[in-house]
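Visitor: Once you've had a glance at the structure underneath, I'll fire off some questions.
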Amino acid sequence: MRPTMADPFFAHDTARVDPPHHIGSGTRIWHFCHVMPGAQIGENCVLGQNVYVGSRAVIGQNVKIQNNVSVYDQVIIEDDVFVGPSAVFTNVVNPRSRIERKNEYKKTLVQVGASIGANATIICGVAIGKYAFVGAGAVVTKDVPDFALVTGVPGKVTGYMCLCGVRLPVFSWAGKTECTACQKKYHKIESIVKIVEEPQS
């Protein structure tokens, strides 16, 4: 589907974008994607080859979704999120072929700036925190704190990541650390990590 004056986004000829849709300007939808009617996609997003977006899925702005990802109903992806190739979202906890459970879909929330690695699986009903990082192949079964690095099966917090995407050094006994790449400072109280705001000069 080619963009028109009313649809200022790009969709490859092999992509199917079903009306009515809500797709922001500057978004690029590549080969063999399928966007269902009612789907919401923000501005300046990139949907790689063979991406599916459900009718009740919401995708924010500046989101990059790599090849072979299905964003099912009740999945909400906020701004500036990266979803790696073949990552998996679900929306039913206990599926059975013979039992329809569309009224039991659970919401999955991926908050601003988070990254999800290739082949990771996100079990429905969880929230992935701001700027969190889900490692490749991890299986997320519970909420992920802001800035947390989650790896393994099942996924566990194994560290923390800077806003710039570099792993943070271990926090000191006082709950402080600083990024080795960009020098942003962080403070950790129990499992809550926050950026230390620099005083205005």
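The values are calculated or read from the model by the stated rules, or taken from the named source; none is laboratory data. What you see is a predicted model; the values in this text were computed from it and never measured. Glycine also receives a Cβ, built like all others from the backbone with ideal geometry; neighbour counts cover every protein chain displayed. Only protein heavy atoms, including side chains, enter the accessible area calculation; ligands, DNA and RNA are left aside. Shrake-Rupley method; radii C 1.70, N 1.55, O 1.52, S 1.80 Å.
Visitor: Within the range 35-103, which GluC sites (Glu not before Pro) sit in a loop by DSSP and count at most 10 neighbouring Cβ atoms inside 10 Å?
Guide: GLU100
Visitor: Check which residues have an amide H placed less than 5 Å from TYR160's amide H, if you skip close sequence neighbours.
Guide: LEU149, LEU168
Visitor: Something else: TYR72: accessible area at probe 1.4 Å, nearest 10 Å²?
Guide: Roll a 1.4 Å probe over it and TYR72 shows about 90 Å².
Visitor: Please name whichever of GLY54, HIS12, VAL126 sits farthest to the positive end of the charge dipole of the chain, dipole taken about the Cα centre and charges placed at Cβ: Lys and Arg +1, Asp and Glu -1.
Guide: VAL126
Visitor: Spin-label point model (7 Å from Cα, Cβ direction): what's the ASP143 to LYS106 distance in nm?
Guide: Once both label points are built, they end up 1.3 nm from each other.
Visitor: When all protein chains stay in place, what accessible area (Å², nearest 10, 1.4 Å probe) is found for CYS179?
Guide: 0
Visitor: State the extension gain, in nm to one decimal, for the chain segment bounded by ARG98 and ARG167, taking 0.36 nm per residue of separation less the distance between their alpha-carbons.
Guide: 20.4 nm
Visitor: Could you pull out every residue, at least 5 positions away or on a different chain, whose amide H is within less than 5 Å of the one on ALA11? Hs are placed 1.01 Å off N in the peptide plane, and Pro or chain starts have none.
Guide: ILE29
Visitor: Please compute the net charge surrounding ALA174, taking Lys and Arg as +1 and Asp and Glu as -1 over other residues with Cβ under 13 Å from its Cβ.
Guide: +2
Visitor: Taking the Cα centre of the chain as the origin, how large is its charge dipole in debye, to the nearest 20, when only Lys and Arg (+1) and Asp and Glu (-1) carry charge on their Cβ atoms?
Guide: Once rounded to the nearest 20, the dipole reads 540 debye.
Visitor: Compute the distribution of all C-alpha to C-alpha distances in the chain, in bins of 10 Å from 0, and list the percent of pairs in each, rounded to whole numbers.
Guide: Answer for the chain: a P(r) of 9, 33, 30, 19, 7, 1, 0 percent.
Visitor: Tell me the carbon and sulfur percent of the accessible area for the chain, rounded to whole percent, probe radius 1.4 Å.
Guide: Percent of accessible area from carbon and sulfur atoms in the chain: 52.
Visitor: Counting pairs of alpha carbon atoms under 8 Å apart in space and at least six apart in sequence, what relative contact order in percent does the range 18-125 give?
Guide: The value is 20 percent.
Visitor: Per residue, how big is the convex hull around the C-alpha atoms of the range 2-65? Give it to me in cubic angstrom, could you?
Guide: 58
Visitor: Karplus couplings for the range 29-41 from phi (6.51 cos²θ - 1.76 cosθ + 1.60, θ = phi - 60°), rounded to Hz, Gly and Pro as x?
Guide: Coupling constants for the range 29-41: 10, 9, 3, 6, 6, 9, 9, 6, x, x, 4, 10, 10 Hz.
Visitor: Shifting gears a bit: Express in % the proportion of alpha carbon pairs of the range 113-163 at distances exceeding 17 Å.
Guide: 17
Visitor: When ligands, DNA and RNA are left out and all protein chains stay put, how many square angstrom of accessible area per residue does the chain have with a 1.4 Å probe?
Guide: 54
Visitor: If you average the C-alpha positions of the range 148-162 and of the range 50-81 separately, how far apart do those two centres end up, in angstrom?
Guide: 22
Visitor: Also: Once you place label points 7 Å from the Cα toward the Cβ at GLU43 and ASP18, how far apart are they in nm?
Guide: Roughly 2.8 nm, to one decimal.
Visitor: Return the Rg/Rh value of the range 23-139, two decimal places, where both radii are evaluated on C-alpha atoms and Rh is the Kirkwood radius.
Guide: So for the range 23-139, dividing Rg by the Kirkwood Rh gives 0.95.
Visitor: Skipping prolines and chain starts, which residues have an amide H placed within reach, meaning under 5 Å, of the one on VAL88, given they are 5 or more residues away or on another chain?
Guide: Residues meeting the criterion, in which the H sits 1.01 Å from N, are ALA120, THR121, ILE122.
Visitor: Over the chain, what is the relative contact order in whole percent, taking alpha-carbon pairs under 8 Å and six or more residues apart?
Guide: Computed value for the chain: 9 percent relative contact order.
Visitor: Report, to two decimal places, the Cα Rg of the range 72-165 normalised by 2.2 N^0.38 Å (N = number of residues).
Guide: 1.05
Visitor: Heads up, I need the accessible area for ARG28: 1.4 angstrom probe, whole protein in place, Å², nearest 10.
Guide: 110
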